[in-house]
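I have placed the structure first, in the form of structure tokens, so that the comments after it can refer back to it.
The values are calculated or read from the model by the stated rules, or taken from the named source; none is laboratory data. Fair warning: this is a prediction, and the values are worked out from it, not measured in the lab. Because the Cβ atoms are built from the backbone with ideal geometry, glycine has one as well, and the counts that use them run over all protein chains shown.
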Amino acid sequence: MTQLGHLGQRCRPRPETRALRRARQYRSVGVTLDFECRGAIMERKACCHCGSLRVTVTGEPTAVNVCHCQACQRRTGAIMHSGVYFKKSQVRMEGPEKIYTRTAQEGRKMNFHFCPNCGSSVYWNADIRPDEYGIAVGAFADPNFPPPAFSVWEESRHAWTHLPDGIQHFRQGRI
Ligand SMILES: [Zn+2]
Ligand SMILES: [Zn+2]
């Protein structure tokens, strides 16, 4: 499994998938195939600070963003939140969780799922994106995670922060 280390830190060993089993069988006869990166089953794992609330995602995300709103600043304790969105069918969760619901603009609800042991907020679902889960990019602890494409609520952005070239900027939420 060491050749898969570039996919980022794992929260715990994962079960062998059919594609991984095929890759192992090919390797056993001297053929090396990287099914995870070239196929459609790229898998990534996120978890809370203590490791008990875990999320596994397969495939590629629909969006990656950063948010500078003050609710995200207080929720995360960080000056900026980064989130990634996946279709619900691409996401699997395990471990205990509690939910904190906050009302956002125009009465829309956002449900933040957090670990009752360590308090990390790992993922959320929101009325505004009913078919997707959002997952905290930091919970993947993977420095090679895809960068954000857009940045929202910049009206409360900390002035010293710098974002990648080409990113879309929004003073408030994305229209
Ligand atoms: Zn935890
Ligand atoms: Zn926010």
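Couple of notes before you dig in:
Quick grid of which residues meet (1) at pLDDT 95 or above; (2) hydrophobic (A, V, I, L, M, F, W, C):
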{"position": "2", "(1), (2)": "no, no"}
{"position": "5", "(1), (2)": "no, no"}
{"position": "8", "(1), (2)": "no, no"}
{"position": "13", "(1), (2)": "no, no"}
{"position": "29", "(1), (2)": "no, yes"}
{"position": "40", "(1), (2)": "no, yes"}
{"position": "46", "(1), (2)": "yes, yes"}
{"position": "53", "(1), (2)": "yes, yes"}
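- Restricting 134, 107, 83 to those that are within 19 Å of residue 152 (Cα to Cα) and more than 16 Å from ligand 2 (Cβ to nearest atom) reduces the list to 107.
- Residues that are part of a strand (DSSP E or B) and either among the basic types (Lys, Arg) or within 14 Å of ligand 1 (Cβ to nearest atom) (or both) within region 86-108 comprise 87, 92, 93, 94, 98, 102, listed in sequence order.
- Region 76-92 residues that are at pLDDT below 95, paired with ones that are within 13 Å of ligand 2 (Cβ to nearest atom) and in a helix (DSSP H, G or I) (beta carbon under 7 Å, 6 or more apart): none
- Whether a residue is away from ligand 2 (no atom under 14 Å from the Cβ) and either over 21 Å from residue 46 (Cβ atoms) or aromatic (Phe, Trp, Tyr) (or both) was assessed, and residue 141 does not pass this test.
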